[in-house]
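Each remark here refers to the structure printed beneath this line.
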Amino acid sequence: MFKVSADGLREQLAMLEDLEQKHIPVAAVLALNKTAYDLRDRLRQEMEQVFDRPTRFTLNSLKVFTASRHRLEAKVWMKDESVKAEPATRWLSPEIFGGARLNKRLERQLRERNILPEGKYVVPGAGAKLDSHGNISRGQVTKAMSGIGGFTQVGYNANATDSARSAKKGYAQRYFVMRRGKEPIGIAERTGRGKDKVKIILAFVGKPDYRKTLHFFEVADAFVAEQLPKRFAEALAKELKYAR
């Protein structure tokens, strides 16, 4: 009787064990992270196609959460917080999921000042100065909010006052809340005398609903299904090459 045992395969088995414990996890992390960063670029391209003149802030609103050997999962999602602007989740989520738009910071401030009625939202009016992306000029918004005393931040003194310096700017005389009867309908700007010299720059409207515009998950699923196997094969080959 002749017995066949695994003794002759010890070296090959050791190589497989080394491959499983050392090289495959490293290759997996590399592949996951490479795919995630490439996916972020792919989603930026999709934004440029489906959005009308997206801003740099919009195109840079996605973040990669990288994988590690202890967490074999990489994620691409919206940045949650921003010091200078709204968190991306507040204004990009309706474009991904559809439905009602969430309150913007400007709207929350106007509500706190009892200027914007409940159930109303802010959109650019006929007199708004729009930038190259179709958004109202930030400088015009700041002047208007200062003129009507709309700012609410603690320690922020941009609201117009009775001081000589504030009066010199003239924001309080130039901007005002326009009403229809007792109902506020927007923030207007005086550009001269006469009715034709008054224009609404921020209009108060009913709650806007958004249709699903950015097919985030569909694009991501298709991209990862195609690219991740390729990235893993490349990463493993590179890892084994340097391990020799």
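The values are calculated or read from the model by the stated rules, or taken from the named source; none is laboratory data. This is a predicted model, so every value here is computed, not measured. Positions of Cβ are generated from backbone atoms using ideal geometry, with glycine treated the same way; all protein chains shown enter the neighbour counts. Just the protein is used for accessible areas: all its heavy atoms, side chains included, with ligands, DNA and RNA removed. Shrake-Rupley method; radii C 1.70, N 1.55, O 1.52, S 1.80 Å.
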In this structure, does residue 240 turn out to be touching a residue at least 40 places away in the same chain (Cβ under 8 Å) and more than 29 Å from residue 45 (Cα to Cα)?
yes
Is it true that residue 69 is at pLDDT below 80 and of a type in the set (Lys, Arg)?
no
Lone unmet requirement of (1) at pLDDT 75 or above; (2) surrounded by fewer than 16 Cβ atoms within 10 Å (Cβ to Cβ); (3) out of contact with any Ser or Thr (no Cβ under 7 Å at 6 or more places or on another chain); (4) not hydrophobic (A, V, I, L, M, F, W, C) for residue 107:
(2)
Residue among 171, 156, 242 that is modelled with pLDDT under 90 and surrounded by 12 or more Cβ atoms within 10 Å (Cβ to Cβ):
171
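Starting from residues that are assigned to a loop (DSSP other than H, G, I, E, B) and open to solvent by 50 Å² or more (accessible area, probe 1.4 Å), keep the ones in the stretch 1-60 and report whichever is modelled with the highest pLDDT.
In this case the residue turns out to be 60.
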So which residues in the stretch 196-210 are over 15 Å from residue 140 (Cβ atoms) and surrounded by 17 or more Cβ atoms within 10 Å (Cβ to Cβ)?
204
Among the residues of the stretch 83-103 satisfying the criterion of being in a loop (DSSP other than H, G, I, E, B) and on the phi < 0 side of the Ramachandran plot, which is modelled with the lowest pLDDT?
83
Consider the stretch 196-231. How many of its residues are modelled with pLDDT under 90 and small (Gly, Ala, Ser)?
1
With respect to residue 92, is the statement that it is closer than 30 Å to residue 223 by Cβ and among the hydrophobic types (A, V, I, L, M, F, W, C) true?
yes
The stretch 110-142, residues that are surrounded by 14 or more Cβ atoms within 10 Å (Cβ to Cβ) and in a helix (DSSP H, G or I)
110, 111, 140, 141, 142
Residue check for residue 234: assigned to a helix (DSSP H, G or I), surrounded by 14 or more Cβ atoms within 10 Å (Cβ to Cβ) and modelled with pLDDT of 90 or more:
yes
